[in-house]
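Below: one structure, written as structure tokens.
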Amino acid sequence: MQLFGLSRLACLLLPFTAVVGVEAAADRDVKQVAIIGAGAAGSSTAYHLRKYAGEHGIDVNITIFEKTSHIGGRTLTVNVYDDPLNPVELGASIFVEVNHILYDACKEFNLPLKEPGTDEDGLLGIWDGTSFIYTQDSRSWGWWNIAKLLWKYGSAPYYTHRLVQETVATFLKLYQAPYFPFRSLSTRAYELGLVRTTGSTGEQFLEENKLNGPFAHDIVQASTRVNYASNLAYIHGLGTMVAMAPEGAVAVAGGNWRIFSRMVAKSQAYVSLNSTVSSIYKERKDADSDVTKYRIKTLTTGSIDAEAELHPVAFDDVVIATPYQFSGISYDENVMPHPVDSIPYVTLHVTLFASPFRFSPEFFNLDPASEVPISVLTTLGPNDEAKPGPDGAGSAGFFSATLVKVVTSPKTQNTEYVYKIFSPDKVTPEFLSRLLGVQIPETFTRSSSPVSIDGDEGWTIVDPITWYHPTVFHPYPQKLPRVTFQDPILGDGLYYTSGIESFISTMETSALMGKNVARLIADDYMEPPAVQKVDEMEEL
């Protein structure tokens with residue numbers, strides 16, 4: 001608990017140490033690099049740039065501007081009952097064995113890993129809004145669950161798994177030469193043949209491989225819905241394959257944000273938290289020079305009617321490591337020759353809450369004595385039409401509802417259950433009343449008429465919901481089919497990481513683009529300008 005407090009204190013002090021360090025570095029002949037955003041991509045850029053710079057003897061100063069008060073971006077934990085001993089992932093929850101950047105970082109930083117999932121074993125169910133079309137028991141032997149899957153769906157699970165492995169193996173070539181680093185993501189996708197996968201819907205890609213049957217509808221679509229809030233008709237084939245690749249899933253104990261916090265610390269970057277970048281422009285180094293530098297203006301996040309302040313240091317390179325369309329950054333015409341693609345992002349409601357009650361059998365049309373799955377994924381019902389956006393949830397009305405943690409209430413000292421719901425719309429008291437089978441008040445956690453339950457020691461008065469934390473995210477783009485992607489180079493010395501999100505959107509792929517941009521910056525520092533221009537023309 002003391003370590004947790006010290007780490008938070010260190011983050012709070014970073015903005016103050018940054019000003020002193022940056023001003024001192026400005027007097028030296030060093031490369032100045034600004035990174036806007038301290039999420040997976042920005043943290044990875046800083047970490048790998050420091051590593052590459054050290055390997056090649058490049059003197060570099062890195063400054064990170066982060067508009068929030070934390071490092072990690074959409075990788076975020078919240079504490080149940082505000083207790084740091086009970087953290088729950090709000091954003092990205094897991095990564096997998098083939099995520100080499102995240103795995104290697106965990107080893108380097110000695111971060112403890114754990115298996116994701118609830119503290120309690122039970123049923124996982126796929127619900128179509130009317131009935132459970134498939135259930136699996138985590139208490140059963142693994143071979144029994146595999147046999148059950150094959151009995152219901154034949155050879156489709158095996159061949160789908162093989163297709164996933166082949167697709168992921170092709171994608172992993174992006175990590176190595178000659179495909180890494182890349183100045184054009186579109187070019188690399190074409191060279192690797194992945195545009196065939198991204199250019200079709202998941203439905204079309206599976207049909208092309210003769211796998212668009214009940215297994216695709218029930219299991220694969222449940223995976224694309226829980227991972228990307230999309231039905232198979234409105235997500236491209238590569239996104240579909242990634243959603244089905246959870247082998248060896250793990251999470252960092254205490255929160256996945258710790259990976260990126262350690263990356264930033266290792267990078268020795270100067271960090272300015274609660275700092276919103278409002279504009280970027282170019283200026284000449286001096287009146288007699290053709291060399292231009294980037295200047296950045298910032299605002300304190302949340303400030304009202306405040307004027308943007310000019311950061312005291314001019315930068316050789318700037319990395320925009322956040323989705324540009326949500327950044328609010330303005331720029332001069334000479335900064336960015338072509339505008340960044342604006343693409344549709346998913347709006348996802350993530351609702352966490354604690355309750356002493358379990359899911360109601362009646363909600364799922366089960367007999368009162370039936371065991372209800374503790375993890376409920378959803379797919380479309382037999383009469384549902386596949387749609388994009390908020391209407392895509394179909395009859396189920398939500399994408400997933402999962403028991404994520406079993407805790408002890410600090411108020412009653414009784415066992416309670418922490419649930420997470422992914423939905424296209426705000427969760428209402430009426431919905432939770434039906435889901436739990438008890439009356440939920442409009443205020444969620446404060447009830448004028450608490451619920452009475454008959455316990456072993458007589459009647460006990462309890463609140464139906466004891467802790468509630470709703471959040472609205474734009475966690476990833478709507479992965480509609482496409483064959484071109486926003487490239488990482490926006491202009492001379494100006495880089496962008498979020499173009500990879502419409503290709504694949506995970507913590508690992510954001511970290512990969514950060515590593516790629518870091519390599520490009522380091523290579524550009526080492527190569528003569530003429531060589532750079534030739535390479536760029538060859539890429540095009």
Hey, V418 among the β-branched types (V, I, T) and open to solvent by 10 Å² or more (accessible area, probe 1.4 Å) or not: no
Out of (1) surrounded by fewer than 24 Cβ atoms within 10 Å (Cβ to Cβ); (2) among the β-branched types (V, I, T); (3) in contact with a strand residue (DSSP E or B) (Cβ under 7 Å, 6 or more places away or on another chain), the one I304 does not meet is (3)
Any idea which residue in segment 287-301 is modelled with the highest pLDDT, counting only those that are open to solvent by 70 Å² or more (accessible area, probe 1.4 Å) and under 29 Å from the mean Cα position of the chain (by Cα)? K297
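Would it be correct to say that T276 is of a type in the set (V, I, T), open to solvent by 30 Å² or more (accessible area, probe 1.4 Å) and assigned to a loop (DSSP other than H, G, I, E, B)? Break it down stepwise before answering.
Details: of a type in the set (V, I, T): yes; open to solvent by 30 Å² or more (accessible area, probe 1.4 Å): yes; assigned to a loop (DSSP other than H, G, I, E, B): no.
Spelling it out, it is not the case that T276 is of a type in the set (V, I, T), open to solvent by 30 Å² or more (accessible area, probe 1.4 Å) and assigned to a loop (DSSP other than H, G, I, E, B).
Please verify whether I296 is out of contact with any Lys or Arg (no Cβ under 9 Å at 6 or more places or on another chain), in a loop (DSSP other than H, G, I, E, B), within 17 Å of K67 (Cα to Cα) and among the β-branched types (V, I, T), treating the condition exactly as stated. Before you say what the answer is, go through the steps one by one.
Values: out of contact with any Lys or Arg (no Cβ under 9 Å at 6 or more places or on another chain): yes; in a loop (DSSP other than H, G, I, E, B): no; within 17 Å of K67 (Cα to Cα): yes; among the β-branched types (V, I, T): yes.
Considered against the rule, which asks whether it is out of contact with any Lys or Arg (no Cβ under 9 Å at 6 or more places or on another chain), in a loop (DSSP other than H, G, I, E, B), within 17 Å of K67 (Cα to Cα) and among the β-branched types (V, I, T), I296 comes out as no.
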Got at least one residue in segment 169-180 being without any contact (Cβ under 8 Å) to a residue 40 or more places away in the chain, part of a helix (DSSP H, G or I) and open to solvent by 80 Å² or more (accessible area, probe 1.4 Å)? yes
Which of the residues that make up segment 229-273 are in contact with a strand residue (DSSP E or B) (Cβ under 9 Å, 6 or more places away or on another chain), more than 22 Å from T45 (Cβ to Cβ) and part of a helix (DSSP H, G or I)? L232, A233, Y234, G237, T240
Can you tell me which residues in segment 197-214 are part of a helix (DSSP H, G or I), open to solvent by 10 Å² or more (accessible area, probe 1.4 Å) and in contact with a helix residue (DSSP H, G or I) (Cβ under 8 Å, 6 or more places away or on another chain)? E203, Q204, P214
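Could you tell me which residue of segment 121-139 is modelled with the lowest pLDDT, considering only residues that are open to solvent by less than 60 Å² (accessible area, probe 1.4 Å) and acidic (D, E)? Walk me through how you get there before you give the answer.
First, the residues of segment 121-139 that are open to solvent by less than 60 Å² (accessible area, probe 1.4 Å): 122-123, 125-129, 131-135, 137.
If we keep only those that are acidic (D, E) too, we end up with 128, 137.
On the way: D128: 97, D137: 88.
Among residues in segment 121-139 that are open to solvent by less than 60 Å² (accessible area, probe 1.4 Å) and acidic (D, E), the one modelled with the lowest pLDDT is D137.
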Failed criterion for A147 (all others in (1) over 27 Å from L172 (Cβ atoms); (2) part of a helix (DSSP H, G or I); (3) touching a strand residue (DSSP E or B) at 6+ places or on another chain (Cβ under 8 Å) hold): (3)
Within segment 353-376, can you find the residues that are among the aliphatic types (A, V, I, L, M) and touching a Leu at 6+ places or on another chain (Cβ under 7 Å)? V372, I374
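The values are calculated or read from the model by the stated rules, or taken from the named source; none is laboratory data. Small disclaimer: the values here were computed from a predicted structure and weren't measured. So basically every Cβ, Gly included, is an ideal-geometry build from the backbone, and we count neighbours across all protein chains shown. Protein only, heavy atoms only, side chains kept; ligands, DNA and RNA dropped before computing areas. Shrake-Rupley method; radii C 1.70, N 1.55, O 1.52, S 1.80 Å.
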